Each structure stands twice: as C-alpha cells, then as structure tokens.
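In what follows, a single structure is set out as structure tokens and then discussed.
The values are calculated or read from the model by the stated rules, or taken from the named source; none is laboratory data. Model, not experiment: these values are computed from the prediction. Heads up, the Cβs are rebuilt from the backbone with ideal geometry, glycines too, and the neighbour counts pull from every protein chain shown. We work out accessible area using only protein heavy atoms, side chains counted, and drop any ligands, DNA or RNA first. Shrake-Rupley method; radii C 1.70, N 1.55, O 1.52, S 1.80 Å.
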Amino acid sequence: MFLIANSLWTTFFTFLGGAAIGAIVTFFVTKRMFEKQLKENPPINEKMIRAMYLQMGRKPTEAQIRQTMKSLGQ
C-alpha cells in the first residue's frame, strides 16, 4: 500500500516539475519570437504615415499626422 502511494506522489511531482519547466521554456521561446517579429516589422510611426500620404499623392499636415497616429493608437 505504501509503495503505491509513494509511486503516486513521485508521478505527481514529476508531472508538476515537467509542467513548470515546460512553462518556463515556452515563456522564453515566445518572448524571443515576439521580439524578433517586432524587429522585422516595427510598429508604425510618423515617418511611415507621411510616406503613406505621399504615396496617395497628398502632402499631409502635422494635424493630419497626429490625428492618424491617435486613431491608430485606439
């Protein structure tokens, strides 16, 4: 009876330890992938908005750029 209970606790703690290690590894892998994506595809900035307006054939004012940045932030 004692051997069965001991084996059950050993299995439980082994599973718990494996889950904790898996969670830690997953966290760091996901963080690294997220940072890589941000480096390859940076968030939009004012320079990109100006270029977008110029590609559409319009010269943007600062108010239009601020308004566009504000609407993208929402």
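Of all the residues that make up the range 15-49, how many are among the small types (Gly, Ala, Ser) and open to solvent by 90 Å² or more (accessible area, probe 1.4 Å)?
Taking the range 15-49 as the starting set, the residues that turn out to be among the small types (Gly, Ala, Ser) are 17-20, 22-23.
Then keep just the ones that are open to solvent by 90 Å² or more (accessible area, probe 1.4 Å); that gives none.
Of the residues in the range 15-49, 0 are among the small types (Gly, Ala, Ser) and open to solvent by 90 Å² or more (accessible area, probe 1.4 Å).
Among the residues of the range 50-74, count how many are surrounded by 10 or more Cβ atoms within 10 Å (Cβ to Cβ) and in a helix (DSSP H, G or I). Steps first, answer last, please.
Let us first name the residues in the range 50-74 that are surrounded by 10 or more Cβ atoms within 10 Å (Cβ to Cβ), namely 50-54, 58, 60-61, 64-69, 72.
Keeping just the survivors that are in a helix (DSSP H, G or I) gives 50-54, 64-69, 72.
Total meeting the criteria: 12.
Within the bounds of the range 27-36, is there any residue that is touching a residue at least 12 places away in the same chain (Cβ under 8 Å) and part of a helix (DSSP H, G or I)?
So the first thing to find is which residues in the range 27-36 are touching a residue at least 12 places away in the same chain (Cβ under 8 Å), and the list is none.
Taking every residue of the range 27-36 in turn, none turns out to be touching a residue at least 12 places away in the same chain (Cβ under 8 Å) and part of a helix (DSSP H, G or I).
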